[in-house]
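The values are calculated or read from the model by the stated rules, or taken from the named source; none is laboratory data. What you see is a predicted model, and the numbers here were worked out from it, not measured in a lab. Here the Cβ positions follow ideal geometry from the backbone for every residue, glycine too, while neighbour counts run over all protein chains shown.
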Amino acid sequence: MYGKFNVDPDAPVRRAWATLHPRSSGSATLGAGVVVADGYLLTCAHVINAALGRERLASNEPTPAEMVGVAVSFPSTGSERHPVQLTHWLPPKIEGTQWWEGDLALLRVALPGTGIGPVAIRETSARKLSTWYANAAPRSLVDVVVQASMGPWYILDPGVAPLEIQPGHSGAPLWDRERGCVAGLLVSTEPGNPRSYAIRAPQLLRLLAAAGVLPSARVDSLSPRERARRRELIDALDGLSDEKLARCAERFGDALGLPRRGLTREELVDQAADHARGFATLLSVLPGHDDAVRRVRAAAARVGSPRILAPDEYAELAALLGTAAHQELYEAARRAVPHLSLTTTNGADCDAADLAALIEDLEDRQLESGIVPPLLQAIEEVAAGRPENGEDLRSWSERVASRLGVSQGAMAQCRWTSRSRATARASPPILRVWLWPGAVVDSFHYVIRLYDGQGELAEVWTDMDTLRSRAELCADLSSAINGLDRYEDSAGIEFLLEEGSFGLAVDRLQTQAGVLGPRLLGLDRVVVLRGQRVFRAGEWRARWQRRQNPGSGPHVVHDQESADSTLTNKREIACVIAACPPEQRERTLALCRWFGVPVVLWHRDAHGPQAADALLPVVREDWPTSLREEVRRCRAEARHDTAHVGAHLALLWEDPSWTPPQPRLSTPTISEGGAA
């Protein structure tokens, strides 16, 4: 029935199941409980109230005389009823209109025979859980889906079973069949709809710790592999002195809301394993013990702890995001980790509970050690788009990444990518033209793409494989510019060229300007060049980031050799004026691009000191923000005057906020370039 080894996956919870009755009533069943340690069981306080005929949410602790009216049976051994003693009472306490705190009772009972045993309690990352009616009848099996955490409770919706949670399910353990543990106790249902609620495992463990009762079932419930991992974690703590261990245990208990008490290494590991944020918390209280942190982190990664955030980290993140951030985080996750299939959905009616579920969903998607976890990737994406508290989110992300052992290089790459996407989304619309000159004069392969203000492709003109004439190129550019001009603002036009083609005077192409007729392309809008591929992305981005610093440029190079020497030694240069001879220009541009210089200005028909003197006034002190428009202004002043410097300006402007994809011709051509 249960597979080739005939193992019942529900056997542990069946052995631990308890049914609560009023002692004076014949067969009445009021709720359930679960054996959590030898001689101890947990149930809901309101189940005890019901057995005693009191108000459901009565808070005063029942007296020993009253508890005589409560009995318990164990379905795994029969229907015999046994007296119980109340050892710890956590009364229901109304908190607003969403949930109530407490509602737990710890009972002592003499366990009959050997057919009953405690079961492990721990928070899990599982979404699909099971439970039974109070009498544990097999046919009463109900599956539920955890939608989100809500304070001390889980929000539960029905699974595939046609049965629903009913009042008689109160106190029933919420069973994680795959991990063999109890994740909570059923506590409440909503009148008129199938939604229900359960008290989460951390609340149960907190009560047991306060009562001085430690669950004794954890090690017995582990598989051989899990025992080995547990031993590995215990060994990882051997490097701590008893004094340091005591301090760590104290901070660990404070973080999880557990009573302060001395813990052995074994107990500390077990408590960490029993809480979904236990290992994250344990790592957070070991910051001064590098070897122990490294070993615990490695061992915890092999165990596969459910959550990567400690409670205080989670609380800080929730506060930074705000309660209305579900859609923002969901869309950020879709951009940052599009390959993940999220279990949560997006919608305008999503609330704080949906946000909590989404955060936990992303926490569940862990990667190997050193890689940026999906949650942090999504948070970096949110931070990149938030001018108001983006730095606070990035600071939070850095601290969590450091504790998780994520490499600084991986975080830097993640942050750069997120900022680039955010810049692209915030950039004005832009027209990008991939252009390849053909073997025949005035013939081209090209593809023209219009991107909207969100960085999304809005329209495409032509394919890249058909050889077309100069007239066809200008006609298609005219049509594309009409599309660009529909927007209130734009970033102009970028021509993406191959090596050897940067001599093309694309700003002098003539397009149709409505009633004005033919008009030079570079007069009315910014026109810049960039390469079709990136050689050394790290150098390129580093120089771009330094563009506001002293020494970033403009720096004049007069020949290929000086360019090579200067750029090799001066990595702060971000802007170059290339005044080299025409026969050295393409090679010099190739050197600039190889060294990651993002901005290069040159005169197409002049070189030497005289050309440099003519170009230097164009590059003002604020060139990172003014240069593109200044070049356009010079072109507009020149118009058709070929003696004016503006008629010959070429500007390479490679902003790393966007990286070109790699389109390829089916039959690519190589050209030395020339006048367009």
Which one is farthest from the chain's Cα centre (by Cα) among residues in the stretch 512-539 that are assigned to a helix (DSSP H, G or I) and in contact (Cβ under 8 Å) with a residue 24 or more places away in the chain?
539
Given the conditions (1) over 16 Å from residue 600 (Cβ atoms); (2) in a loop (DSSP other than H, G, I, E, B); (3) at pLDDT 90 or above, which single one is not true for residue 481?
(2)
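Of 403, 449, which residue is in the same structural domain as residue 481 (by TED's automatic domain parsing) and under 31 Å from the mean Cα position of the chain (by Cα)? So that I can check it myself, show each step before the final result.
Values: 403 fails: in the same structural domain as residue 481 (by TED's automatic domain parsing).
The match here is 449.
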Filtering the stretch 625-657 down to residues that are at pLDDT below 90 and under 30 Å from residue 417 (Cβ atoms) yields 625, 655, 656, 657
Can you find a residue that is surrounded by 21 or more Cβ atoms within 10 Å (Cβ to Cβ), under 28 Å from residue 152 (Cβ atoms) and at pLDDT below 80 anywhere in the stretch 226-246?
no
Taking residue 130, is it at negative phi, at pLDDT 85 or above and part of a strand (DSSP E or B)?
yes
I'd like the full set of residues that are in contact with a Leu (Cβ under 6 Å, 6 or more places away or on another chain) and either without any contact (Cβ under 8 Å) to a residue 24 or more places away in the chain or outside the structural domain of residue 355 (by TED's automatic domain parsing) (or both), limited to the stretch 304-336.
none
Using the structure shown, decide if residue 589 is under 17 Å from residue 506 (Cβ atoms), in contact (Cβ under 8 Å) with a residue 60 or more places away in the chain, part of a helix (DSSP H, G or I) and hydrophobic (A, V, I, L, M, F, W, C).
yes
From (1) in a helix (DSSP H, G or I); (2) free of Cβ contacts under 8 Å to residues at least 60 places away in the same chain; (3) not aliphatic (A, V, I, L, M), pick out the condition that doesn't hold for residue 605.
(1)
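For the stretch 168-211, how many residues meet the condition of being part of a helix (DSSP H, G or I) and either in contact with a Gly (Cβ under 6 Å, 6 or more places away or on another chain) or surrounded by fewer than 16 Cβ atoms within 10 Å (Cβ to Cβ) (or both)? Don't jump to the end; show me each part of the working.
Filtering the stretch 168-211 for residues part of a helix (DSSP H, G or I) gives 168-169, 201-210.
This time we only want the ones that are either in contact with a Gly (Cβ under 6 Å, 6 or more places away or on another chain) or surrounded by fewer than 16 Cβ atoms within 10 Å (Cβ to Cβ) (or both), so: 201, 206, 210.
Of the residues in that region, 3 qualify.
Each row is one residue, and each column tells you yes or no for (1) small (Gly, Ala, Ser); (2) in contact with a Phe, Trp or Tyr (Cβ under 8 Å, 6 or more places away or on another chain); (3) over 12 Å from residue 509 (Cβ atoms).
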residue	(1), (2), (3)
432	no, yes, yes
454	no, no, yes
471	yes, no, no
485	no, no, yes
489	no, no, yes
Answer yes or no: is there a residue in the stretch 405-421 that is more than 30 Å from residue 505 (Cβ to Cβ), out of contact with any helix residue (DSSP H, G or I) (no Cβ under 6 Å at 6 or more places or on another chain), in contact (Cβ under 8 Å) with a residue 24 or more places away in the chain and in a loop (DSSP other than H, G, I, E, B).
yes
For the structure I just gave you, tell me whether residue 371 is surrounded by 19 or more Cβ atoms within 10 Å (Cβ to Cβ) and either in contact with a helix residue (DSSP H, G or I) (Cβ under 7 Å, 6 or more places away or on another chain) or farther than 21 Å from residue 125 by Cβ (or both).
no
Only one of 476, 465, 392 is part of a helix (DSSP H, G or I) and touching a Ser or Thr at 6+ places or on another chain (Cβ under 7 Å), namely 476
Which residues, taken from the stretch 406-420, are of a type in the set (A, V, I, L, M, F, W, C) and buried (at least 19 other Cβ atoms within 10 Å of the Cβ)?
406, 411, 414
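Would a scan of the stretch 313-333 turn up a residue that is small (Gly, Ala, Ser), over 30 Å from residue 230 (Cα atoms) and at pLDDT below 85?
Pass one, the stretch 313-333, residues small (Gly, Ala, Ser): 315, 318-319, 322, 324-325, 332-333.
Okay, now just the ones that are also over 30 Å from residue 230 (Cα atoms), so 318-319, 322, 324-325, 332-333.
Those left that are additionally at pLDDT below 85: 324.
Yes, that holds for at least one residue.
Looking at 458, 401, can you tell me which residue is surrounded by fewer than 18 Cβ atoms within 10 Å (Cβ to Cβ) and small (Gly, Ala, Ser)?
458
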Which residue, of 659, 625, is of a type in the set (Ser, Thr, Tyr) and in the same structural domain as residue 521 (by TED's automatic domain parsing)?
625
Looking at 222, 208, which one is at pLDDT 75 or above and closer than 25 Å to residue 116 by Cβ?
208
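Here are 65, 28, 51: which of them is at pLDDT 85 or above and surrounded by fewer than 16 Cβ atoms within 10 Å (Cβ to Cβ)? Can you show your working first?
Numbers: 28 fails: at pLDDT 85 or above; 51 fails: surrounded by fewer than 16 Cβ atoms within 10 Å (Cβ to Cβ).
Unique residue meeting the criteria: 65.
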